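Below you'll find the structure, written out as structure tokens, and then a few comments.
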Amino acid sequence: LTGHTMSITCLRWSGSGLIITGSQDRNINIYTDKGKLIKTLKGHGHWVNTIALNTDYALRTGYFDPKKEDPETIEEKQEAALKKFKNIKGNKGERLVSGSDDNTIYVWDYENSKKAITRLTGHQQPINLLSFSPNGQTFASASYDKSLKIWDTQTAKFKTTLRAHVGAVYQVCWSSDSRLIVSGSKDSTLKVWDINAKKKLLFDLPGHADEIYSVDWSPDGRCVASGSKDKLVKIWTA
């Protein structure tokens, strides 16, 4: 697929089968699954580093629900997966967010408009990663400014800032119940946060000997995996 003029830094499959790409050329391109470029979203003043959809968790996990037994038939599995997707998507359609080296986040109704819904400011340095909660109601941003910020999906309003890392925050992901997040940092630690609690930092998890580049929470909520510059993957029980 052509259309970008610099390196492609991130991409997503949407729930409607479109391919969404972010690039160092500052643009976000939307392609059909046949490779046709149908839309370019412009707004960022520097590289686009990360994109996320509010339906990411539903698309990743399909019918799986850690609180329920798996459906038995293919038809039941398809029905459960589609219901989960539609519940999160809601009436307003999929929401796309993008984070950039220009320190800002843009929120897009990409299916219906080339114009951003809003531009979110607050971070003092580039955005490394954006991640939606599994229920799609909230998203987190991780930044080189050593902080995480939590935002409301529907209103696009700022909710809170999480500070404790002493290095750039590279990674953030959510527990399956959308209550906790785990962050990974240049400071070689993982931190677990409860975004609704008064004392938001729950656990400080040292153990890696170098910067943490990748973090993921298992869909069943039981384990967190982290990968580091120290050449190790660690598994943590939730």
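Brief remarks follow.
- Residue within the stretch 185-203 that is open to solvent by less than 40 Å² (accessible area, probe 1.4 Å) and either touching a residue at least 60 places away in the same chain (Cβ under 8 Å) or of a type in the set (Lys, Arg) (or both) present: yes
- Any hit, the stretch 45-52, residues being farther than 30 Å from LYS146 by Cβ and at pLDDT 95 or above: no
Condition check ((1) in contact with an Asp or Glu (Cβ under 9 Å, 6 or more places away or on another chain); (2) surrounded by 16 or more Cβ atoms within 10 Å (Cβ to Cβ)) across all residues:
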{"site": "LEU1", "(1), (2)": "no, no"}
{"site": "SER14", "(1), (2)": "yes, yes"}
{"site": "THR21", "(1), (2)": "no, yes"}
{"site": "TYR31", "(1), (2)": "no, yes"}
{"site": "LEU37", "(1), (2)": "no, no"}
{"site": "ALA52", "(1), (2)": "no, yes"}
{"site": "PRO71", "(1), (2)": "yes, yes"}
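- Only residues that are within 28 Å of GLN137 (Cβ to Cβ), open to solvent by 30 Å² or more (accessible area, probe 1.4 Å) and either in contact with an Asp or Glu (Cβ under 7 Å, 6 or more places away or on another chain) or among the aromatic types (Phe, Trp, Tyr) (or both) were counted across the stretch 204-238, and they come to 3.
- Answer from ILE127, ILE105, ILE150 - the residue that is buried (at least 22 other Cβ atoms within 10 Å of the Cβ), farther than 30 Å from PRO71 by Cα, out of contact with any Pro (no Cβ under 9 Å at 6 or more places or on another chain) and free of Cβ contacts under 8 Å to residues at least 60 places away in the same chain: ILE105
- The set of residues in the stretch 3-12 that are over 18 Å from the mean Cα position of the chain (by Cα) and either β-branched (Val, Ile, Thr) or open to solvent by 40 Å² or more (accessible area, probe 1.4 Å) (or both) comprises GLY3, THR5, MET6, SER7.
- As for the stretch 137-146, it holds at least one residue that is modelled with pLDDT of 95 or more, open to solvent by less than 40 Å² (accessible area, probe 1.4 Å) and touching a Lys or Arg at 6+ places or on another chain (Cβ under 6 Å).
- Filtered residues of the stretch 7-28 (kept if within 20 Å of ILE105 (Cβ to Cβ) and either of a type in the set (A, V, I, L, M) or part of a loop (DSSP other than H, G, I, E, B) (or both)): ILE8, LEU11, SER14, ILE20, GLN24, ASP25, ARG26, ASN27, ILE28
The values are calculated or read from the model by the stated rules, or taken from the named source; none is laboratory data. Since this is a predicted model, take the numbers as computed values, not measurements. As a convention, Cβ positions derive from the backbone with ideal geometry for all residues, glycine included, and neighbour counts pool all protein chains shown. The protein model used for the area step is the full one, side chains on, heavy atoms only, and it has no ligands, DNA or RNA in it. Shrake-Rupley method; radii C 1.70, N 1.55, O 1.52, S 1.80 Å.
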